[in-house]
Amino acid sequence: MTSFIAKDAGQIDLADHDSFTQGVPFNYFAELRRNDPMHWQEMKGGKGFWSLTRHQDILQWNRNYQLLSSAQGIRLEDQSHEEYMARRTFQETDPPDHTRLRMIVSKAFSRPVVLEFEAQIRAICQDIIQTIAGFDEIDGVKQVARQLPMRMLGQILGAPEQDFEWLVEKGDQLIANSDPEFTQFVLDKANTDAYRFMPFRSPAGLELFDYAKQLMASKEAKGDDKSILHLVLQPDDQGNRITQEEFRNFFCLLVAAGNDTTRYSIAASLYALANRPSLFAQLQENLKIGVEGNPFWDRAADEFIRWASPTMHFRRTATQDFELHGKKVKQGDKVVFWFVAGNRDEQVFADPSELDLTRDPNPHIAFGQGGPHVCLGMWLARLEVRVLLQEWAKHVAEFEQAAPHQYLRSNFIGGIKHLPLKLRVSI
Ligand code: HEM
């Protein structure tokens, strides 16, 4: 298939996780947006795929689930029908199948329910900062960014505190299945055929299934649990209940989706603040103006999330032939929405590579906005980022990057996995 990319722009293999180990190839995405907004690339060991990189296209086509379906897989890898059926969660279905479960679970993640957690989140942030107060140098990811979503997720799941760390390790083995630091079953390097019926093609999926089964039984036995997950187990107005298989798959999805994404948004925020002192000063000035009723904080959190865009892509499959930007898409072709590229679209965002913490409106698509699968945890993620920023500005007197950072080896989740920081905390 013809490519409209100039030869000297170089071709980057977006299917190769190593293309992301030095950070997101933003220049390449800019080139695609300009010259080849519906870009075809071949994929080693599988079928090739189309890449959509313009904001407007992603927003528009994400709505059209009849034409671009989630029900044949949402990751780049090809799956047989049997693999798909064994591993799918409600994220890998289309309306109306998707709608039933989404209705059951969404009440537990609505904005008003989540806002009730603000004091709890603040207490966790204060505890995290208190813990690092004795250090001159820390890994901002391990000791800060990883901690908050981990502890919140544990509470959402209503899991015992001693299991939180284990759950996050398993979540990392699923989500970061392409980085040898997090798993011995590296997706594109090890033979993972034996695990092809498990979530993310990882044996960690099986351990999480067992854990979910026990947790569901203990929650049903107790009946007095106040966790979000307990709400999910309650029947809806029509008496519909989540089945055991749906619960176990949903549980795995939460452990995977509720963790790394927020972690890498916080990591990107700390990285930006450490390297752009004027942004840190802006946070401190806004503390003086106030935390309550000051719209700055929600805008700042959203802008950091746009800039980080940790969930870089999700895939869809064409249900019939169609044409876009002069390219002929065939039924069964894989089409990838690069949210991370759409969020740097200069047609929509002024100075998109820069952080404007007062950006308003900020029509970013980091949460998959527009489509039926728009992030279930978006209110929680926003709240966690906002409160962390406030507590950081309140208690961290000075900080800077102490040594080079490292990126996750993944074309799916984009993020800094180690961020050495020098700091002075005043509690
Ligand atoms: C900054 C943090 C986060 C980002 C950037 C993010 C991003 C996304 C995106 C792009 C989607 C759409 C998937 C698609 O179109 O197929 C999604 C869906 C989802 N997210 Fe998040 N997410 C974040 C945090 C969370 C958290 C904290 C949770 C849960 C505690 C969560 C749970 C989910 C679930 C369950 C879905 C599937 C929803 C559905 O299929 O209806 N996410 N997320």
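All of the numbers you see were taken from the coordinates with simple rules; none came from a lab. Keep in mind that this is a model prediction, so the values were computed, not measured. Ideal geometry is used to build each Cβ from the backbone, glycine not excepted, and the neighbour counts take in all protein chains shown.
Dipole of the stretch 284-427 computed with +1 at Lys/Arg Cβ and -1 at Asp/Glu Cβ about the Cα centre; of VAL329, GLY377, PHE349, farthest Cα towards the positive end is VAL329. Judged by the gyration tensor of its Cα atoms, with axes a ≥ b ≥ c, the stretch 160-310 is oblate; a/c meets the 1.5 cut and b/c is at least as large as a/b. For the stretch 283-353, the alpha-carbon coordinates run over 57, 20, 17 Å along the three principal axes, in decreasing order. Arranged from fewest to most other beta-carbon atoms within 10 Å of their beta carbon, THR21, THR261 become THR21, THR261.
Stokes-Einstein diffusion of the stretch 70-169 at 25 °C, 0.890 mPa s viscosity, Kirkwood radius from Cα pairs, rounded to a whole number: 147 µm²/s. Quick check of the Kirkwood formula: for the chain, what is the inverse mean of 1/r over all pairs of different Cα atoms, in Å? Hydrodynamic radius (Kirkwood, Cα only) of the chain equals 22.3 Å. Just want the answer: with Cβ charges of +1 for Lys and Arg and -1 for Asp and Glu, which residue in PHE109, GLN162, MET150 is farthest toward the dipole's positive end in the stretch 21-425? Towards the positive end, the residue furthest out is PHE109.
Placing +1 on the Cβ of every Lys and Arg and -1 on the Cβ of every Asp and Glu, with nothing else charged, gives the stretch 21-425 a dipole about its Cα centre of roughly 480 debye. Summary: within the chain, the longest segment free of GluC sites (Glu not before Pro) located in DSSP loops with at most 14 other C-beta atoms within 10 Å is 1-115. Here the spin labels are modelled as points 7 Å beyond Cα on the Cα-Cβ line, and at THR21 and ARG424 they lie 3.8 nm apart.
Each Lys and Arg contributes +1 and each Asp and Glu -1, all at the Cβ; summed about the Cα centre of the stretch 44-179, the dipole is approximately 660 debye.
Neighbour counts of other Cβ atoms within 10 Å put THR243, THR99 in the fewest-to-most order THR243, THR99.
Rg and Dmax over the alpha-carbon atoms of the stretch 332-411 stand at 16.3, 55 Å. The lysines whose alpha-carbon is closer than 29 Å to the alpha-carbon of LYS107, local same-chain residues fewer than 8 away aside, are LYS170, LYS213, LYS219, LYS222, LYS226.
Note on LYS394: lysines with a C-alpha under 24 Å away, same-chain residues under 8 apart excluded, are LYS142, LYS288, LYS422. The order of LYS288, LYS417, going from fewest to most other C-beta atoms within 10 Å of their C-beta, is LYS288, LYS417. The peptide list 368-375, 49-56, put in order of mean Cβ contacts within 10 Å with the highest first, becomes 49-56, 368-375. If you take the square roots of the eigenvalues of the alpha-carbon gyration tensor of the stretch 294-427 and sort them as a ≥ b ≥ c, do you get rounded (a/c under 1.5), prolate (a/b over b/c) or oblate? Prolate shape, in that a/c is at least 1.5 and a/b is the bigger ratio.
Report, in cubic angstrom per residue, the convex hull volume of the C-alpha atoms of the stretch 10-50. Walk me through the intermediate numbers first.
Working: hull volume 2.7 nm³, N = 41.
Convex hull volume per residue, Cα atoms: 66 Å³.
Stretched out straight at 0.36 nm per residue, the stretch from ASP13 to ASP321 would grow longer than its current Cα-Cα span by 108.4 nm. For the chain, the 222 nm mean residue ellipticity estimated from helices alone, with every DSSP H stretch of n ≥ 4 adding -39500 (n - 2.57) and the total spread over all residues, rounds to -13000 deg cm²/dmol.
Mind putting a number on the dipole of the stretch 307-398 about its Cα centre? Charges go on the C-beta only, +1 for Lys and Arg and -1 for Asp and Glu, and I need it in Debye to the nearest 20.
Numbers: 11 positive and 12 negative charges, 104 e Å.
The calculated dipole for the stretch 307-398 is roughly 500 debye.
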